[in-house]
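First the structure, in the form of structure tokens, and then the observations on it.
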Amino acid sequence: SIVASHFHPEFVVNVKETGQTKLVNYSDLNNLKITTIYTARFLHDGGFDSTHRYFLVAANQSNKIVVVDTKDDKLVKIINVGKIPHPGRGANFEHPKFGPVWATGHLGDDTISLIGTDEHHAQYTWKVVQTLKGQGGGSL
């Protein structure tokens, strides 16, 4: 996946099999600055949290979600989730108990993982705060 940062003239590029996220600063097209963050293998797709600061991407065959801070250009957390997370862009919503969360379904099981994304709810931030049962078939 490739997304644009909301904070810098920069693309966030996930190199799937390598487990690397590249931050490509294009402010000088003749002298690109590339920062490599080592994350988890099999990066696939993902989306931003509600603040557009944090990019959450599925490492689907690793059963993990990687959180990258696109403002400070660093890895925040690697979170274990269900089998073969497949979020598309994911979904952001306000949970009545956990505050802002980001959600992903899974291709390998019938669950939806809710991940806390709000630093004002520190006990829940970057953790699976709830796992919902789906109706089978993963996110298909």
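Look through segment 16-34, keep the residues that are closer than 21 Å to Gly46 by Cα and modelled with pLDDT of 95 or more, and return whichever of them is surrounded by the fewest Cβ atoms within 10 Å (Cβ to Cβ).
The selected residue is Ile34.
Does Lys97 satisfy being over 13 Å from the mean Cα position of the chain (by Cα) and in contact (Cβ under 8 Å) with a residue 40 or more places away in the chain?
no
I'm trying to understand the selection: among the residues of segment 64-75, which are in a strand (DSSP E or B) and either surrounded by 18 or more Cβ atoms within 10 Å (Cβ to Cβ) or in contact (Cβ under 8 Å) with a residue 60 or more places away in the chain (or both)?
The first filter runs over segment 64-75 and keeps only residues in a strand (DSSP E or B), leaving 64-69, 74-75.
The answer is Lys64, Ile65, Val66, Val67, Val68.
Could you please find all residues in segment 87-105 being closer than 14 Å to Ile65 by Cβ and buried (at least 19 other Cβ atoms within 10 Å of the Cβ)? Reasoning before the result, please.
At the first step, the residues of segment 87-105 found to be closer than 14 Å to Ile65 by Cβ are 87-92, 101-105.
Matches in segment 87-105: Pro87, Gly90, Val101, Trp102, Thr104, Gly105.
Being aliphatic (A, V, I, L, M) and surrounded by fewer than 20 Cβ atoms within 10 Å (Cβ to Cβ), is that true of even one residue in segment 111-121?
Checked segment 111-121: no residue is aliphatic (A, V, I, L, M) and surrounded by fewer than 20 Cβ atoms within 10 Å (Cβ to Cβ).
Residues that are of a type outside the set (A, V, I, L, M, F, W, C), modelled with pLDDT of 95 or more and farther than 21 Å from His6 by Cβ: does segment 64-74 have at least one?
Yes, segment 64-74 contains a residue that is of a type outside the set (A, V, I, L, M, F, W, C), modelled with pLDDT of 95 or more and farther than 21 Å from His6 by Cβ.
So that you can scan it fast, the table gives a plain yes or no per residue for (1) within 30 Å of Gly134 (Cα to Cα); (2) loosely packed, with under 15 Cβ neighbours inside 10 Å; (3) among the charged types (D, E, K, R):
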residue: Phe7; (1), (2), (3): no, yes, no
residue: Leu43; (1), (2), (3): yes, no, no
residue: Phe55; (1), (2), (3): yes, no, no
residue: Ser62; (1), (2), (3): yes, no, no
residue: Lys77; (1), (2), (3): yes, no, yes
residue: Gly82; (1), (2), (3): yes, no, no
residue: Leu107; (1), (2), (3): yes, no, no
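Check Gln130, Gln61, Gln123 and return the single one that is farther than 19 Å from Ile2 by Cβ, at pLDDT 95 or above and outside any strand (DSSP E or B).
It is Gln123.
The values are calculated or read from the model by the stated rules, or taken from the named source; none is laboratory data. Nothing here was measured: the structure is a model prediction, and the numbers come from that model. Positions of Cβ are generated from backbone atoms using ideal geometry, with glycine treated the same way; all protein chains shown enter the neighbour counts.
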